[in-house]
Amino acid sequence: MENKIIARTLRFLSSLLELHNENPFKVRSVANAAFKIDKLPYPIDTKSLLELEQIEGLGKSIAAKVDEFIKTNAIEELTELLNKTPEGIIEMMQIKGIGPKKILTIWKDLGIDTVGELYYACNENRLIEAKGFGLKTQEEIKKNIEFSIASNGRFLYAKIELLAEELLINLKKELKTEEIHFTGQYRRKCEIIDELDFLIIGENNDLLSEKINLLELEKIDSSNHKVQCKTESGLKIGFSFCSKEDFGKELILKTGNDLHVENLLNLLEGHDLKNKSEEQIYELAGLEFIVPELREGTNEIELAKSKKLPELIQYTDLKGSLHNHSTWSDGIHTLEEMALYCKNELKLEYFGICDHSKSAFYANGLNEMRVAAQHREIDELNKKLAPFRIFKGIESDILYDGSLDYSDEVLSSFDFVVASVHSILNMNEEKATERLLKAIENPFTTILGHPTGRLLLSRSGYPIDHKKVIDACAANNVIIEINANPLRLDLDWRWHQYAISKGILLSINPDAHRVEGNLDMKYGTLIARKGGLSKLNCLNAMTLEQISKIFEQQKTKHKLGK
């Protein structure tokens with residue numbers, strides 16, 4: 001057994017001892033022993049226990065642990081500590097820049113015990129108020145977690161968008177051609193990207209290899225028809241090649257997923273596809289043109305055949321931004337700053353504030369007195385900013401029994417209520433569904449927020465019976481959120497069509513905690529397009545007058561509910 005392995009194990013033991021508030025002298029002794037062993041010029045795995053005790057910096061107690069590890073590949077004390085430590089905390093300890101003291105604060109004071117929860121907490125500015133943390137530390141932790149996630153080779157669409165667009169521009173410039181196009185997952189605007197794919201008209205040649213080196217891409221594999229590379233961060237890049245006459249066909253073959261392509265080719269059997277554009281090929285198949293976002297092998301072929309494809313929503317269709325946070329709870333910018341950004345920069349008609357409710361103590365949730373104070377500020381701002389309007393909203397925690405935070409009297413003071421689960425996420429499908437159903441049936445619930453609580457690439461959502469939840473929203477006139485934060489994109493696009501078929505409105509909400517967070521509505525719109533959403537089915541594509549009527553109708557629901 002190498003000294004480095006022994007030293008690494010002792011360092012880990014030292015960190016766990018510190019995490020569990022063991023004697024500081026013992027913690028330092030184990031850490032010092034790890035340092036000494038790592039620097040020894042000879043292997044110690046052949047030494048007897050007596051010889052180990054003679055090594056400077058070990059002593060009898062640590063020598064016994066080293067001897068135990070050499071003989072059994074385990075240390076009993078380490079095993080006991082591991083059994084007392086949540087798996088997510090162990091994973092957290094592997095992230096650069098977070099020592100045991102900070103992890104202890106994150107775990108015990110903030111109640112966070114997974115990397116996914118930590119990443120989300122960074123995203124929602126929940127670390128900055130904790131002892132020993134600040135905005136700079138929070139951003140550094142977030143960056144290191146992103147690096148850790150990226151090492152798995154999978155990336156959020158939003159995280160590679162800038163790189164992808166710049167790479168396309170640089171490729172066109174270096175290869176002196178416009179005949180380079182995105183294909184695959186990126187062109188379909190998938191929420192998670194495993195490989196960034198390009199289609200190039202022409203043949204693989206030495207010039208491309210030369211330019212790949214200039215663009216700082218590492219070549220992995222190469223053939224006549226495809227070159228595979230990767231970036232320094234681990235993102236795979238694929239370059240495919242085709243002739244000009246086959247371009248339309250190849251663009252279709254390399255954009256749609258396997259099921260879409262298979263279904264389309266069945267309709268095209270016997271047709272000559274050479275020198276045909278994408279539009280012409282879909283026409284040959286007897287279909288309306290299917291935009292790349294929809295080419296997922298769901299029901300798009302049937303809809304295109306019957307000329308019933310929806311007119312997909314555009315980012316420019318959005319008239320307002322709902323579900324946002326300010327310095328009243330865990331946001332970075334004030335309520336006025338958030339509203340002014342939406343009014344002046346985004347040219348929107350309205351803004352909905354949804355700071356956290358009182359049970360979200362970790363996010364500086366609003367008690368009843370602070371709710372009243374915020375409403376007074378909103379009244380003053382509405383006079384100042386008219387005709388732009390700030391709606392009084394709240395993100396009310398769905399408690400474990402499915403009830404909402406606050407009394408009916410307080411809930412009735414809001415223009416709208418976003419009901420969301422934030423705590424006790426470890427539920428089976430039956431419990432999670434039952435919890436949501438009770439919240440949906442509450443007459444004060446306007447919008448069901450991020451229905452599964454998922455965090456893409458870092459935390460699976462709690463399991464729910466989507467059909468039951470969506471059916472309940474339809475029966476209770478509850479809108480469902482498409483949380484536009486690239487980490488969430490929840491409700492999942494695969495359930496949008498079912499919700500729309502039930503007559504439910506969806507709302508593209510940024511869940512913004514700073515002014516720039518409102519821009520995430522772009523990613524919410526992209527994922528809504530994948531789900532087949534039109535502006536007619538989108539709450540915040542409504543004008544101020546229209547949405548005001550919707551919220552007034554909710555007030556009627558409150559009265560009927562009582």
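Its Cα gyration tensor gives the stretch 1-57 an equivalent ellipsoid. The semi-axes, each the square root of 5 times an eigenvalue, are 21, 12, 9 Å from largest down.
Taking a straight Cα-Cα cut-off under 21 Å and skipping sequence neighbours fewer than 8 places away in the same chain, the lysines within cross-link reach of residue 226 are 172, 173, 176, 211, 236, 244, 249, 254, 274.
Translational diffusion of the stretch 228-325, estimated by Stokes-Einstein from the Kirkwood radius over alpha carbon pairs at 10 °C in a medium of 1.306 mPa s, is 101 µm² per second. Computed from backbone phi, the HN-Hα couplings of the stretch 50-67 come to 4, 5, 5, 5, 7, 6, 4, x, 9, x, 5, 5, 6, 4, 5, 5, 5, 4 Hz, rounded to whole numbers (Karplus: 6.51 cos²θ - 1.76 cosθ + 1.60, θ = phi - 60°; Gly and Pro given as x).
In terms of packing, defined here as the mean over residues of other Cβ atoms within 10 angstrom, the peptides 243-252, 446-455, 121-130 line up highest first as 446-455, 121-130, 243-252. Put simply, the stretch 315-561 fits an ellipsoid with semi-axes of 24, 21, 18 Å; these come from the alpha carbon gyration tensor as the roots of five times its eigenvalues, largest first. Given the stretch 111-187 reduced to its alpha-carbon atoms as identical point scatterers, what log10 I(q)/I(0) does the Debye formula return at q = 0.26 Å⁻¹? The computed values of log10 I(q)/I(0) come out as -1.20.
Counting only Cα atoms, the size of the chain along its three principal axes is 83, 70, 43 Å, in decreasing order. Working note: 222 nm ellipticity from helices only, DSSP H runs with n ≥ 4, each -39,500 (n - 2.57), summed and divided by the residues of the chain, gives -13000 deg cm²/dmol to the nearest 500. Peptides 271-280, 327-336, 40-49 ordered by packing proxy, namely the average of other Cβ atoms within 10 Å per residue, highest first: 327-336, 271-280, 40-49. Size descriptors for the stretch 61-119: radius of gyration and Dmax over Cα atoms are 14.0, 39 Å.
Sparsely packed loop sites in the stretch 277-360 (the trypsin sites (Lys or Arg not before Pro) outside DSSP H, G, I, E and B with at most 16 other Cβ atoms within 10 Å) comprise 307, 308, 347. Here's the list of aspartates and glutamates a cross-link from residue 555 could span, going by alpha-carbon distance under 19 Å and ignoring same-chain residues fewer than 8 apart: 379, 395, 405, 408, 409, 415, 441, 545. The stretch between residue 380 and residue 346 holds 10.1 nm of extra length on full extension. This uses 0.36 nm per residue minus the Cα-Cα distance. Only alpha carbons enter this Debye calculation for the stretch 347-436, each as an equal point scatterer, and the log10 of I(q)/I(0) it gives at q = 0.15, 0.20, 0.26 Å⁻¹ is -0.62, -0.93, -1.29. Along its principal axes, the stretch 439-562 has C-alpha extents of 42, 32, 26 angstrom, given from the largest down.
Cα-Cα pairs above 18 Å in the stretch 177-261: how many percent? That fraction is 43 percent. Counting only lysines at least 8 places from residue 343 when in the same chain, those with an alpha carbon closer than 19 Å to its own are 319, 383, 384, 392, 522.
A short reminder: the numbers here are calculations on the coordinates, not readings from a lab. Remember, it's a predicted structure, so these values are computed and weren't measured experimentally. Counting neighbours? That spans all protein chains shown, and the Cβs are built from the backbone with ideal geometry, glycine included.
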